[in-house]
Number of protein chains: 2
Amino acid sequence: MTQATSTATAGSPTRDRLLDAAAELFYREGVGVGVEALCRVAGVSKRSMYQLFDSKDSVLAASLERSAPAYLAFLLPPDDDDRAPRDRILHVFERLEEMAARPDYRGCPFVAVTAELKAPDHPASLVARRCKDELTAFFRREAEHGGAGDPELLARQLTVTFDGSGVRAVMQGQGLDGLALATATALLTGAGMDDTAPRTPETSG
Amino acid sequence: MTQATSTATAGSPTRDRLLDAAAELFYREGVGVGVEALCRVAGVSKRSMYQLFDSKDSVLAASLERSAPAYLAFLLPPDDDDRAPRDRILHVFERLEEMAARPDYRGCPFVAVTAELKAPDHPASLVARRCKDELTAFFRREAEHGGAGDPELLARQLTVTFDGSGVRAVMQGQGLDGLALATATALLTGAGMDDTAPRTPETSG
């Protein structure tokens, strides 16, 4: 449990409602949204909020933490998926293309919060970094299974592609039209994970 | 001349001082910085500011516009550089690696403003998009001269790499250690612009 959530009662309905509203509101309007507006939208009194969290910063960090599992579950293929590592990686980019085409897409929520806070040591920036590292770790595992030449490098390159594509969709105000998928595919092929690459047996991984 | 600058007297010393302070302050602390703080740091009265600009939004857009030429000049190689297109493209990523290693790096200023505003039609978002498109146009020209298979696609992929690398440096709170260069190199090679690719003569471009 992180510092951000340690002061809150995990799992209370009020807490969940506050954090869900916070995640949506901060994503849509930015981390500058005030406590008044947040509590109004969440239907929670300020008194209740401060009984659960010591500050808005703690609410922000806990809201990211709470939204992360669903976001990652949407992006990543299921564990028991039997597709090749290359296809499991491309699944993430297919999901990204899908999200980025939505008119309310404002980029990866972890990137957005970090960019807005401009404070690498803010509790929410630390949550964001940890969640982003989970995506990179997924890429790395698949790259290893797929026999990539340098799995760590490829995993970082794919993360860069994921984040840069999200940024592009936001900056251009439109979907990616296959750009994220094409870029990930080029990097996979360059790393030796093309369609015909043999899958490295689990025992040697 | 854009809408953002049309209400201001271009080139006045007060205007320049205000915009330089604004660019630095918004980059360091975010677009939420208030007019009071901005005028205090710039050493400009609010009255003077409002004589030059109709709103803080206009100051923000004009400050990005004013800072763009120096930023792009830092990133891009000189026009009369006689290196191969591949090396001219990699020059941009060498500059990025250099910037991203600085402790005060907060990502590409155009990306940062767009991510913070969450409003694609904001005048500053439009300036940011136009400036980013200049970088993509540079990549595209060089990709054409270098004989890339699909110069437009490669240019977009390199822009994604540039922005995703900047995001990574911010999220990890540390330099890129060659990641941006390695990713750009992999994409250039994948697009047929490797070390030994012949330079397409200007006349056929």
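The values are calculated or read from the model by the stated rules, or taken from the named source; none is laboratory data. Worth saying up front: this structure is predicted, and the values here are computed from it rather than measured. In this analysis, Cβ positions are derived from the backbone assuming ideal geometry, glycine residues included, and neighbour counts consider all displayed protein chains.
The set of residues in the stretch A:148-173 being free of Cβ contacts under 8 Å to residues at least 12 places away in the same chain and outside any helix (DSSP H, G or I) consists of A:G173 alone.
Report whether or not B:L153 is farther than 22 Å from A:D163 by Cβ and at the interface with chain A (Cβ under 10 Å from one of its Cβ atoms). Judged against the criteria, B:L153 is not a match. Selection of the stretch A:158-198 for residues being more than 7 Å from every other protein chain (Cβ to nearest Cβ) and surrounded by fewer than 17 Cβ atoms within 10 Å (Cβ to Cβ) yields A:Q174, A:D177, A:G178, A:G192, A:D194, A:D195, A:T196, A:P198.
Evaluating A:A4 against the criteria (1) of a type outside the set (D, E, K, R); (2) surrounded by 13 or more Cβ atoms within 10 Å (Cβ to Cβ); (3) at pLDDT 95 or above leaves one unmet condition, (3). Among residues of the stretch A:31-56 being of a type in the set (G, A, S) and on the phi < 0 side of the Ramachandran plot, the one that is surrounded by the fewest Cβ atoms within 10 Å (Cβ to Cβ) is A:G34. For A:D79, the conditions (1) within 12 Å of another protein chain (Cβ to nearest Cβ); (2) modelled with pLDDT under 95 all hold with the exception of (1).
Could you pull out the residue among A:A155, A:A70, A:A143 that is surrounded by fewer than 19 Cβ atoms within 10 Å (Cβ to Cβ) and not basic (K, R)?
Going through A:A155, A:A70, A:A143 in turn, just one is surrounded by fewer than 19 Cβ atoms within 10 Å (Cβ to Cβ) and not basic (K, R): A:A70.
The set of residues in the stretch A:138-172 being over 20 Å from the mean Cα position of the chain (by Cα) and either at positive phi or among the β-branched types (V, I, T) (or both) consists of A:G147 alone. If the condition is being crowded, with 17+ Cβ neighbours inside 10 Å and not charged (D, E, K, R), then the stretch B:73-90 contributes B:L75, B:L76, B:P77, B:A84, B:P85, B:I89, B:L90.
Of the residues making up the stretch A:107-129, just one is in contact (Cβ under 8 Å) with a residue 12 or more places away in the chain, within 7 Å of chain B (Cβ to nearest Cβ) and surrounded by fewer than 21 Cβ atoms within 10 Å (Cβ to Cβ), namely A:R129.
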